[in-house]
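S.K.: Can you read through this structure? Questions will come right after.
The values are calculated or read from the model by the stated rules, or taken from the named source; none is laboratory data. Keep in mind that what you see is a predicted model, and the values were worked out from it rather than measured. In this analysis, Cβ positions are derived from the backbone assuming ideal geometry, glycine residues included, and neighbour counts consider all displayed protein chains.
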Amino acid sequence: MTTFQELGLNEALLKAVADLGFEKPSEIQDKAIPVLLSDDTDIVALAQTGTGKTAAFGFPLIQKTDFNNRQTQGLILSPTRELCMQIANELKLYAKHIPEFKSVAIYGGASISDQAAQVRRGAHVIVATPGRMQDMINRKMVDISNIRYCILDEADEMLNMGFYEDITNILSFTPENKNTWLFSATMPQEVSTIAKRFMKNPVEITIGSKNTSAKNIEHEFYVIQGRDRYIALKRLADVNPDIFSLVFCRTKRDTQQVAEKLIEDGYSAAALHGDLSQSQRDTVMKSFRGKQIQMLVATDVAARGIDVDDITHVINYQLPDEIETYTHRSGRTGRAGKSGVSMVIIAKSEVRKIKSIERIIKQTFKQKDIPTGIEICEVQLLHLANKIKQTHINHEIDRYLPTLQDLFVDDSKDELIKKFFSVEFTRFFDYYKKSKDINTQVATFKDFGDSESRSGGSVRYFINLGDRDGFDWMQLKDFLRESLELGRDDVYKVDVKDSFSFFNVDASHADKVTTFFENFAFKGRRVHIELSQNESKGRFSGGGRGESRGKGFSEGRRSKDFKKPSFGNNFDPAKKKDFGKKEKWSKKKY
Ligand code: ADP
Ligand code: MG
């Protein structure tokens, strides 16, 4: 294992590395930093988003800067204002122990004369969007005629956004003998064109294979009827209580509408698109980063700059017009070594597009079912239960204990538990008890995932093992198959949540399951399984009376009175309110 010391970083940078808490270099850092430090060479470096490319060029750039020279020596071009600010911030952190280092970020939507003034005060490194850079060159507000390093960061995104002309133009103002460092997640044609045209014998570093999306992202698709799209979105959110997501729509109008509906329905959501003013966008991004927004609904263009590490789900509310854009969307999750899920909600007619996407990302999709109402209720209930189990007791309550004891003196523990959970559960339950199955069967996609039809009936189980125990759905499936000595497809519909999961087996295997888990411990903890009410005709299934398929009932209409309870999620309602007041882009406050 290489350390940052071994890469050749100087003392000041190593101190910053320690402050940042980086333990070891990422792969791209490991490969790129030594080359950039020791040679004066052009470089083309390809690595997934979230793999630490900023530091891969940032550290060498700072170390190679001559602080006795006031001139601008490095230019970093980056596609969006967001990214520029982020890179500039990162550079400041890297140069924390080098007070003489000066960098300036220049981008549109802020005062150009302020930025020019900052540049005049000294900028060893300029971090710029191509548009604003071009503008400042035209107005002679910057001088890049002596730069030694030009970095094209997120080159694929810049070209995607149509900056080819700007970039070639900007490069024409830079000296011949500089070095160009190109960093990109993917290598489409235009990127290799840039590399061929503007770079001399670049060293090529590729982490992973070109153009594939990260392996720690799972891709799922859900087939519904077009009119159920919004309901599907809500259910996907409800079945993932801790969701922190980016929802992609195709147009600004859809983006705004979906966000507004979500807000109306009580979700902490916001829209991000080009019709918002810069300050509105900043506020949204700040709230998203601060996790006061759980679902950020965005257009592709507006989302380009989003570089938030903990996004758990990317939801393709609609597929992008250009299939290639899917890679960029899904790459917003699964960053910085975390795992993520990219979900696609599609109508039957679009299913074939999934195949094309699979060819591009070189990964397969899993077809999944939109959860039923009762499944959502179960997940929410168990999520809340687990949260309560882990809750740190606030001893301020102690002095009220005698009063509370008195009040509940006649309630058994069972009753107390039931009452306690009913407070939240009933709201979800009442909303979902009459909801219908909105999945559309796609006959031609039998080979996808786990949605095969089964003859002898199927049983669904709850098990108290989950992500926290180190399982993803595939590992849990394997674990169950092996433990139960079942065949390859005998365990299906495996859904892993944080501390628990669900899975199906055919009814004929039910005895095996019960017997095996009768007395089973995992890492010293008793493993419980339980029949889930979801698939069986239990109390909750709401069949017969009050069926929801009939006329006069639609989830869409009902949603007006349904305010999503903040059911055991981690989002601070106090913050939410505060945030709602400040902004205009939603009609309703939440
Ligand atoms: P990329 O440009 O490849 O998309 P970033 O440079 O934005 O990725 O880095 C993603 C995240 O990983 C950032 O939060 C960054 O601080 C963090 N990071 C970078 N290098 C390391 C490292 N060596 N160890 C731990 N975290 C790192
Ligand atoms: Mg980057």
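S.K.: Where residues in the range 331-347 are surrounded by 16 or more Cβ atoms within 10 Å (Cβ to Cβ) and either of a type in the set (S, T, N, Q) or farther than 30 Å from residue 27 by Cβ (or both), which of them is farthest from ligand 1 (Cβ to nearest atom)?
M.R.: The qualifying residue farthest from ligand 1 (Cβ to nearest atom) is 347.
S.K.: Could you list, in sequence order, the residues of the range 458-500 that are assigned to a loop (DSSP other than H, G, I, E, B), touching a residue at least 24 places away in the same chain (Cβ under 8 Å) and more than 17 Å from residue 371 (Cβ to Cβ)?
M.R.: If the condition is that a residue be assigned to a loop (DSSP other than H, G, I, E, B), touching a residue at least 24 places away in the same chain (Cβ under 8 Å) and more than 17 Å from residue 371 (Cβ to Cβ), then 464, 465, 471, 472, 485, 486, 489, 499 are the ones that fit.
S.K.: Also, quick follow-up: With respect to residue 123, is the statement that it is within 11 Å of ligand 1 (Cβ to nearest atom), of a type in the set (A, V, I, L, M), farther than 30 Å from residue 275 by Cβ and out of contact with any His (no Cβ under 7 Å at 6 or more places or on another chain) true?
M.R.: Judged against the criteria, residue 123 is not a match.
S.K.: Out of the range 58-86, which residues are at pLDDT below 95, within 13 Å of ligand 2 (Cβ to nearest atom) and in a helix (DSSP H, G or I)?
M.R.: 82, 83, 84, 85, 86
S.K.: Six or more apart or on different chains, Cβ under 7 Å: which pairs go from a residue in the range 88-113 that's within 14 Å of residue 20 (Cβ to Cβ) to one that's assigned to a loop (DSSP other than H, G, I, E, B) and at pLDDT 95 or above? Could you list them?
M.R.: 95/101
S.K.: Given the options 292, 225, 280, name the one that is in contact with a Ser or Thr (Cβ under 7 Å, 6 or more places away or on another chain), surrounded by fewer than 19 Cβ atoms within 10 Å (Cβ to Cβ) and over 30 Å from residue 168 (Cα atoms).
M.R.: Criteria check complete, one pass: 225.
S.K.: Out of the residues in the range 41-57 meeting the condition of being away from ligand 2 (no atom under 11 Å from the Cβ) and out of contact with any Lys or Arg (no Cβ under 8 Å at 6 or more places or on another chain), tell me which one is nearest to residue 185 (Cα to Cα).
M.R.: Ranking the candidates gives 44 first.
S.K.: Right, here's the next one. Any residue at all in the range 291-306 that's charged (D, E, K, R), more than 26 Å from residue 371 (Cα to Cα) and under 15 Å from the mean Cα position of the chain (by Cα)?
M.R.: yes
S.K.: Another question, then. Kindly establish whether residue 147 is within 15 Å of ligand 1 (Cβ to nearest atom) and touching a strand residue (DSSP E or B) at 6+ places or on another chain (Cβ under 9 Å).
M.R.: No, not satisfied.
S.K.: I've got another one for you. Could you check how many residues of the range 2-13 are at negative phi, more than 11 Å from ligand 1 (Cβ to nearest atom) and in a loop (DSSP other than H, G, I, E, B)?
M.R.: 2
S.K.: Follow-up. Could you please find all residues in the range 349-399 being in a helix (DSSP H, G or I), in contact with a strand residue (DSSP E or B) (Cβ under 9 Å, 6 or more places away or on another chain) and closer than 25 Å to residue 422 by Cβ?
M.R.: Selection gives 375, 378, 379, 382.
S.K.: Given 55, 45, 16, 32, which one is of a type in the set (A, V, I, L, M), assigned to a helix (DSSP H, G or I) and near ligand 1 (Cβ under 10 Å from one of its atoms)?
M.R.: None of the others qualify; the one that does is 55.
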